[in-house]
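Derivation of every value follows stated rules applied to the coordinates shown; laboratory data play no part. As the structure is a prediction and not an experimental result, all values here were calculated from the model. With ideal geometry, Cβ positions are generated from the backbone for all residues, glycine too; neighbour counts draw on all protein chains shown.
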Amino acid sequence: MTLRTLLLAGSLFCLPAMAAAAERPVVVELFTSQGCSSCPPANVFLNEMTKSRSDILPLAFHVTYWDGLGWKDPFSMQAATSRQGRYGHRFGDGSYTPEMVVDGGVGLVGSRRDDVNAAIEQAKRDQRTVASVRVSKENGNLKIQVGSGRGSGKILLIGFDHEHTTRIGRGENGGRTLTEANVVRSIRPIAEWSGEATSINERFPLGEDVAVVIEAADGAIVGAARLTEGVT
C-alpha cells in the first residue's frame, strides 16, 4: 500500500466522526410568558417548529418578570430570566418577550417568522460545532457522551416537557387557552469541556425529555443533542 493510499484511508476513517460533530440541530430559545399578550404568536411558531423541523432544537423558557402583572406563569423560572438577562447584556437590547435567540448568537422578536427563519439559515451556514454530543438513557439515568474536539465550553443539561395546555385566568391573556411546546422545566451546568472526549452519568432532570448543549465562553452554542429514544 502506498503512502498516498494510507493517507486517503486515514482521511476516510475520520469522516464519520467529523460528520457526527457537524450534524447537530440549531438551538432556538424562546423567552416567553403566559402573562404577555404578544407572546402567543411566537408560541405557535415554536410549536410548529417542534412538529415539523428535525434540524432545530426549539426550547421555550418562561421568564418570571411578568408574574406580578395579573397572572403567575406556572412554568416561569428564575433560571430562564437570568439566562435571558445574560443574552440581553451581550446583545445590548435588554430583556423582552417574546424573544427568540438562535444558536446563542442573535436575538430577535419571536413572532417575526421571516427574520427568525433567516437567522436559522444563517446559523446553519456559520455553525460552530466543537464536538459531537450523544444522550442516552440507562437504568433511569442519563449517559452523556461528548466527543473530542478543539475548543472549550460549559455543558448544560436541560429538562423540558413536550406540551402543556393552560387556561389563563387573569392578566393580558385572561380567558385564553394556550398550548405551549417544549416547555423548559430545568437547566443547570454539569461539567466543563476542554477538548477531550468525556462521558458523564447524570440523574434525569425535572422534565419529560432532555437536551444537552455546549455553550462557549462567548455564549454561542457549539454543540447540542436531545434524548429522542427511550424517554419514559
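Enumerate by residue number the GluC sites (Glu not before Pro) in region 59-150 meeting two conditions: DSSP loop (anything except H, G, I, E, B), and at most 12 other Cβ atoms within 10 Å of the site's Cβ.
Sparse-neighbourhood loop GluC sites (Glu not before Pro): none present.
Please determine, in degrees from 0 to 90 and to the nearest 10, the orientation of helix 113-126 with respect to the longest principal axis defined by the Cα atoms of the chain, where the helix direction is its Cα long axis.
Roughly 20 degrees between the two axes.
Output wanted: per-residue J couplings in Hz (rounded whole) for region 160-173, from phi through Karplus 6.51 cos²θ - 1.76 cosθ + 1.60, θ = phi - 60°, x for Gly and Pro.
Those phi angles translate into 8, 9, 5, 6, 9, 10, 10, 8, 8, x, 8, x, 4, 9 Hz.
Given the -39500 (n - 2.57) contribution per DSSP H run of 4+ residues, what per-residue ellipticity at 222 nm results for the chain, rounded to the nearest 500 deg cm²/dmol?
When only DSSP H runs of four or more count, the value is -8500 deg cm²/dmol.
What size of dipole, in debye to the nearest 20, comes out for the chain about its Cα centre when the only charges are +1 on Lys and Arg C-beta atoms and -1 on Asp and Glu C-beta atoms?
240
Report the full-extension gain for the segment SER52 to ARG188: residue separation times 0.36 nm, less the Cα-Cα distance, to one decimal in nm.
Between SER52 and ARG188, full extension yields an extra 46.2 nm.
Can you give me the C-alpha center-to-center distance between region 167-201 and region 90-115, rounded to a whole angstrom?
Taking the Cα centre of region 90-115 as reference, the centre of region 167-201 is 16 Å away.
Just to be sure I understand the model, the point goes 7 Å from the Cα along the line to the Cβ. What's the resulting ASN117 to GLU208 distance in nm?
2.8
From largest to smallest, what semi-axes in whole angstrom does region 3-226 give when each is the square root of 5 times an eigenvalue of its alpha carbon gyration tensor?
34, 18, 15
Pick out which of PHE204, PHE61, PHE31 has the largest mean-square fluctuation in a Gaussian network model of the chain, springs linking Cα atoms closer than 10 Å.
So, out of PHE204, PHE61, PHE31, the one fluctuating most is PHE204.
So for the chain, averaging the separation of alpha carbon pairs under 8 Å that are six or more residues apart and normalising by length, what relative contact order in percent results?
RCO, the chain: 23 percent.
Name all residues of region 161-190 having a backbone nitrogen under 15 Å from the label point set 7 Å from the Cα of LYS137 along its Cα→Cβ direction, giving them as ranges.
Backbone N within reach: 161-163.
Check the chain and count each lysine pair with an alpha-carbon distance under 23 angstrom, considering only pairs eight or more places apart or from different chains.
Taking the chain as the scope, the lysine pair count is 5.
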